[in-house]
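The values are calculated or read from the model by the stated rules, or taken from the named source; none is laboratory data. All figures in this text were calculated on a predicted structure; none of them were measured in a lab. Methodologically, a virtual Cβ is constructed for each residue, glycine included, from the backbone with ideal geometry; neighbour enumeration extends over all protein chains shown. These accessible areas exclude ligands, DNA and RNA; they are computed on the full protein's heavy atoms, side chains included. Shrake-Rupley method; radii C 1.70, N 1.55, O 1.52, S 1.80 Å.
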Amino acid sequence: MRILVSTLALLLALGQAAQAKLRVVTTLPDFAAIAAELGGERVEAEALIRGSQDPHFVDAKPSFILKLSRADLLVRIGLGLEDGWLPVLLTQARNADVQPGGRGYLDASQVVRVLEVPVKADRAMGDVHGGGNPHYFTSPEELFRVAQAIERKLLELDPDGAEEFQARWRAFEERFRQRTGAWRRRLAPLQGMPVVEYHRSWIYFLEWSGFRSAGALEPKPGVPPSAGHVTRLLREVQGQGIRQVWQEVYHPTGLSRVFAEKSGARLLVLPSMVGASEGLDTIWDKFDRMVELIAPPG
Amino acid sequence: MHPAHTHGRWLALTTCLTLLAPAGRAQAVSQEEDPELAAAAAADAAAAPAPPPPGSWLAPLVANTPLASLNPDMSLILDVTLGWFTRAGHLRQGGHAADENGFTLQGLEWTASASVDPYFRFDLNFQIAHLHLEEAYLTTLALPGGLQARAGYMNAAFGRENPKHLHTWHLVNPSLAHTRFMSAEHLSGLGAEVSWLTPLPWYVLLLVQALDTHGATAFRAASFGAVELTDSGELDGPEDFLYLARLETFVPFGDDWSLYLGGSAAFGQSAYAPDNRVDLWGADVYLKWRPLGSGPDSLAVALTLEYFLRDTQVPGDSVRDHGGYVQVDAQVDKRWLVSLRAENLDGLWGASPDPTRLGGWQWRGSAALTFLPTHFSKLRLQLDAGHAQELTGAAWGFTLQVEVSAGSHGAHAF
């Protein structure tokens with residue numbers, strides 16, 4: 001009995017010790033990577049979604065309730081992308097700070113420029129999001145806006161760390177300026193390139209990079225590609241000079257590979273999120289890899 | 001002039017005046033500012049947090065979504081089946097499920113949920129098809145110390161199956177154990193619940209619940225009797241409530257494996273004799289494998305085990321019976337789900353006055369194939385075979401189910 005009590009006390013003490021840092025829980029791994037970069041040692045950042053996972057379909061694991069119950073800040077994607085799993089976790093989190101409207105709640109979609117906002121949302125159009133396309137995290141520019149909002153929250157929640165947060169922000173801003181310049185220069189020769197997407201996940205990156213979407217393999221968002229639709233799409237894009245087909249790591253590649261072969265394009269399985277594959281630990285790694293795959297050297 | 005027109009004009013005038021009144025008040029305050037209030041406001045402003053550091057800050061684009069609405073999130077979920085059975089009524093399909101040939105409207109659920117204010121959330125589930133309330137309760141959002149309370153009409157927090165609504169089932173029928181130990185639909189009632197998320201480093205939740213057993217409050221229970229069955233026929237004291245307790249824990253093994261364990265208990269009034277008691281115990285295990293790091297993440301396999309043990313006082317005796325099920329669900333890709341379930345019920349001791357509901361043996365096996373065109377529709381084909389103590393032979397059943405969900409479908413628990 002004494003051993004049990006001592007063990008419990010030790011575990012609770014360990015839990016308390018870990019609370020010294022600002023606990024940031026994010027749904028998207030990119031947000032956690034940004035928070036870790038901006039917060040340094042003052043922040044403990046953790047993402048609920050894995051980079052290789054479809055963010056639409058995440059299990060509402062009870063362990064996430066625990067993380068949210070102890071979080072100082074929640075950063076979510078918003079626009080309905082997490083509606084199938086996050087609300088039930090938030091309700092059970094017993095943490096007023098991370099509820100909508102709480103001081104530790106940040107819906108990142110509120111600070112980005114949302115594209116494809118439907119005038120009328122109808123499920124006959126597929127799994128559309130009434131607030132607009134939620135895949136803004138494929139654009140460096142939109143992630144920069146989210147980083148600004150995270151910085152504001154860190155300053156608000158931990159004013160004692162202002163000096164460090166501001167220094168880190170200046171480094172982040174400078175790095176962003178340099179890296180985006182390099183990425184744009186690398187992608188510039190491909191300006192205007194038509195791309196076929198698997199899901200409408202890439203429109204933000206396409207807009208940022210100056211490419212254009214020639215269509216999607218999914219006939220409607222969330223509806224898996226059918227042979228009939230893909231055949232029609234193949235006819236439609238003939239003569240447009242399609243050179244690349246883009247998709248996330250979590251979608252099957254069978255049909256898209258055949259489509260790419262028949263249309264004379266390359267199939268690129270791109271990392272839409274940090275952690276989508278080995279070695280992609282920061283947003284810089286993610287976009288470096290994307291640019292490398294889209295515009296390989298030579 | 002028609003009286004309705006006169007009323008309409010007065011209504012419009014009143015509405016305009018009402019809407020304009022706050023603006024007028026605000027202007028009046030600013031023109032006649034109290035010096036003391038102004039000084040306090042200035043002091044507050046000076047003490048406010050410093051603005052963010054200079055840089056290329058952007059104002060939040062708060063108006064970029066048309067979803068800014070205070071209406072509850074609502075959805076309608078329809079379940080219809082077409083069934084064929086070798087012996088009508090022999091499979092004991094339970095509430096919501098058909099056990100006779102032909103079409104059955106299993107359910108038309110209307111769900112609504114919304115935050116009430118920063119402190120409470122409200123959830124509603126109304127069964128339109130059978131015109132009864134399934135759940136309507138509030139949940140606290142901001143109690144300290146890991147505590148949370150719910151109050152209202154709700155499903156008992158017992159085991160894995162009882163809290164789940166029809167549209168979250170992976171088979172067309174509830175388990176035999178659920179029907180026998182919980183209720184034909186749900187073990188549910190009007191009451192209150194307090195749960196505590198312990199401060200341990202892993203998820204451990206302790207929960208207690210008390211439900212009113214008045215039949216008039218739509219108390220639904222297969223194992224427990226309504227308070228009307230007591231000698232007085234009224235709720236005389238705390239002993240006439242139904243009490244439940246649950247302890248659950250969740251252990252993730254890496255990203256791919258999850259183990260969810262629960263133990264439940266319920267103590268209440270026997271349905272077989274006035275002022276006799278029933279003790280019900282339950283254990284549930286849910287083991288899931290979903291490889292997140294290896295390609296398309298729609299592949300998942302889950303094993304569910306649920307076991308019940310019940311002691312029921314009957315006139316001059318005590319009956320102990322038990323039962324449970326084992327279920328395997330395999331999500332083979334985004335659109336296809338295969339579910340298998342084997343289940344058994346039996347008596348352990350005591351002479352049962354009603355073997356169909358207490359102590360009699362019964363078994364059933366089920367296999368279901370579900371096709372999901374999208375996340376919002378399902379087509380399911382299920383085969384059942386089963387037998388029960390008081391029946392003359394085994395029965396088979398085939399069921400085709402269609403389920404559609406319209407509206408903002410809410411999140412589901414793990």
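Check A:D158, A:D107 and return the single one that is farther than 30 Å from B:L206 by Cβ and within 11 Å of chain B (Cβ to nearest Cβ). Don't jump to the end; show me each part of the working.
Numbers: A:D158 fails: within 11 Å of chain B (Cβ to nearest Cβ).
Going through A:D158, A:D107 in turn, the sole match is A:D107.
Considering only the stretch B:91-107, how many residues are surrounded by fewer than 20 Cβ atoms within 10 Å (Cβ to Cβ), at negative phi and in contact with a Phe, Trp or Tyr (Cβ under 9 Å, 6 or more places away or on another chain)?
Residues that pass the stated criteria total 2.
Within the stretch B:196-213, which residues are surrounded by 21 or more Cβ atoms within 10 Å (Cβ to Cβ) and either under 16 Å from the mean Cα position of the chain (by Cα) or closer than 26 Å to B:T230 by Cβ (or both)? So that I can check it myself, show each step before the final result.
Here is the first cut: in the stretch B:196-213, the ones surrounded by 21 or more Cβ atoms within 10 Å (Cβ to Cβ) are B:197, B:203, B:205, B:209, B:211, B:213.
B:Q209, B:L211, B:T213, listed by residue number.
Could you say which residue among A:L234, A:L187, A:L206 is of a type outside the set (S, T, N, Q), without any contact (Cβ under 8 Å) to a residue 12 or more places away in the chain and in contact with a Ser or Thr (Cβ under 8 Å, 6 or more places away or on another chain)? Working first, answer last.
Numbers: A:L234 fails: without any contact (Cβ under 8 Å) to a residue 12 or more places away in the chain; A:L187 fails: without any contact (Cβ under 8 Å) to a residue 12 or more places away in the chain.
Result of the check over A:L234, A:L187, A:L206: A:L206.
Only one residue in A:L89, A:L74 is assigned to a helix (DSSP H, G or I), more than 7 Å from chain B (Cβ to nearest Cβ) and surrounded by 24 or more Cβ atoms within 10 Å (Cβ to Cβ), so which one is that? If you could, list the steps in order and put the result at the bottom.
Details: A:L74 fails: assigned to a helix (DSSP H, G or I).
After ruling out the rest, the residue left standing is A:L89.
Of everything in the stretch A:283-298, what is open to solvent by 40 Å² or more (accessible area, probe 1.4 Å) and within 14 Å of A:E37 (Cα to Cα)? Give them in sequence order. Don't jump to the end; show me each part of the working.
Our first condition is that a residue be open to solvent by 40 Å² or more (accessible area, probe 1.4 Å); within the stretch A:283-298, this holds for A:285, A:288-289, A:292-293, A:296-298.
Scanning the stretch A:283-298 gives a single hit, A:D285.
Based on this model, can you work out whether B:A88 counts as of a type in the set (A, V, I, L, M), modelled with pLDDT under 95 and open to solvent by less than 60 Å² (accessible area, probe 1.4 Å)?
no
Considering only residues that are under 12 Å from A:V75 (Cβ atoms) and open to solvent by less than 10 Å² (accessible area, probe 1.4 Å), look in the stretch A:110-145 and name the one that is farthest from the other protein chains (Cβ to nearest Cβ). Before the answer, list the steps.
So in the stretch A:110-145, the residues under 12 Å from A:V75 (Cβ atoms) come out as A:110-111, A:137, A:143.
Keeping just the survivors that are open to solvent by less than 10 Å² (accessible area, probe 1.4 Å) gives A:137, A:143.
Numbers: A:F137: 16, A:L143: 13 Å.
This residue is A:F137.
Give, as residue ranges, the helices (runs of 4 or more DSSP H) completely inside the stretch A:192-298 that count at least 3 residues that are of a type in the set (A, V, I, L, M) and farther than 22 Å from B:D333 by Cβ. Explain how you work it out, then say what you get.
Numbers: elements: A:203-209, A:227-237, A:254-263, A:283-294.
It comes to A:283-294.
From the set of residues in the stretch A:216-240 that are in contact with a Pro (Cβ under 9 Å, 6 or more places away or on another chain), of a type in the set (G, A, S) and more than 14 Å from chain B (Cβ to nearest Cβ), which is least open to solvent (accessible area, probe 1.4 Å)?
Out of the qualifying residues, it is A:A216.
What tally of residues in the stretch B:347-394 results from selecting those that are within 14 Å of another protein chain (Cβ to nearest Cβ) and not in a strand (DSSP E or B)?
2
Given the conditions (1) within 28 Å of B:G233 (Cα to Cα); (2) at pLDDT 95 or above, which single one is not true for B:S352?
The one condition B:S352 does not meet is (2).
Select from the stretch B:363-380 the residues that are in contact with a Leu (Cβ under 6 Å, 6 or more places away or on another chain) and loosely packed, with under 15 Cβ neighbours inside 10 Å and write down the one among them that is farthest from B:L345 (Cα to Cα). Don't jump to the end; show me each part of the working.
Step one: list which residues in the stretch B:363-380 are in contact with a Leu (Cβ under 6 Å, 6 or more places away or on another chain), which gives B:364, B:366-371, B:378.
With loosely packed, with under 15 Cβ neighbours inside 10 Å added as a condition, the list becomes B:369, B:371.
On the way: B:L369: 25, B:F371: 30 Å.
For the stretch B:363-380, the residue satisfying everything is B:F371.
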